[in-house]
Amino acid sequence: MSQQRRIAIVGNSGSGKSTMARSVAEQIGGKHIELDSIHHLADWTPIERDEMRRILAERIEADAWVVDGNYASMVQDLVFARADTVVWLDLPRRVVTWRVLRRSVQRAATGEQMWAGNTERWSNLVKWQPEDNIVRWSWTRFHPTREKYAARMSDQ
């Protein structure tokens, strides 16, 4: 059996996609491609769909890579078409919610810079809209994300 060299890792926020992707990319000697780092421009501005597709298409031309993230309606068709392996991390809701909460509080407390210099804002942790609050996003997207990948993986 040949070694997997083009790997997509998907799952809910807080499932460990980025952590696993960094480790696997190092093990296979490939690029780690974090979709969040492409999608989020300065001031949390989302990138245009066509531009994200163009950037990602260039990056997945490499022989070895690990892509982490979902962005199903934007780029997942590109990733899945080129991937030789798809890993779905399906952890319990209580686990991913705790991880997202812990990570968000830690990032807000330390001022850790993420993609394009963005930082986690304390104020976002109390906002009700899931688009503004990653903990609420994770909570509200949990079941739809799980259902989407359960159906998708059953077709493979």
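Things worth noting here:
- Test: residue in region 100-109 that is over 28 Å from ASP50 (Cβ atoms) and surrounded by fewer than 11 Cβ atoms within 10 Å (Cβ to Cβ): yes
- Every condition in (1) open to solvent by 30 Å² or more (accessible area, probe 1.4 Å); (2) part of a strand (DSSP E or B) holds for ASN70 except the one numbered (2).
- Residue match in region 15-33 (condition: touching a strand residue (DSSP E or B) at 6+ places or on another chain (Cβ under 6 Å), polar (S, T, N, Q) and assigned to a loop (DSSP other than H, G, I, E, B)): yes
- Qualifying residues in region 1-37 (those that are at pLDDT 95 or above, of a type in the set (A, V, I, L, M) and more than 13 Å from TRP65 (Cβ to Cβ)) - the one surrounded by the most Cβ atoms within 10 Å (Cβ to Cβ): VAL10
- Selection of first residues in region 135-155 that are closer than 12 Å to THR97 by Cβ and of second residues that are of a type in the set (A, V, I, L, M) and open to solvent by 50 Å² or more (accessible area, probe 1.4 Å), restricted to Cβ pairs under 7 Å at least 6 apart or on distinct chains, gives the following pairs, ordered by first then second residue: VAL135/LEU101.
- ASN124 meets the conditions (1) assigned to a helix (DSSP H, G or I); (2) open to solvent by 40 Å² or more (accessible area, probe 1.4 Å); (3) at pLDDT below 95; (4) polar (S, T, N, Q) in every case but one. The failed one is (2).
- Single unsatisfied condition, VAL79 versus (1) modelled with pLDDT under 95; (2) under 15 Å from the mean Cα position of the chain (by Cα): (1)
- Residue pairs whose Cβ atoms lie under 6 Å apart, sitting 6 or more positions apart in sequence or on different chains, and linking a residue in region 116-133 that is under 18 Å from ARG102 (Cβ atoms) to a partner that is surrounded by 13 or more Cβ atoms within 10 Å (Cβ to Cβ) and acidic (Asp, Glu), are ASN124/ASP132.
The values are calculated or read from the model by the stated rules, or taken from the named source; none is laboratory data. In this text the structure is predicted, and so the values were computed from the model without any measurement. Cβ: placed from backbone, ideal geometry, glycine included. Neighbour counts: every protein chain shown. Please note that ligands, DNA and RNA were not included when accessible areas were found on the heavy atoms of the full protein model with its side chains. Shrake-Rupley method; radii C 1.70, N 1.55, O 1.52, S 1.80 Å.
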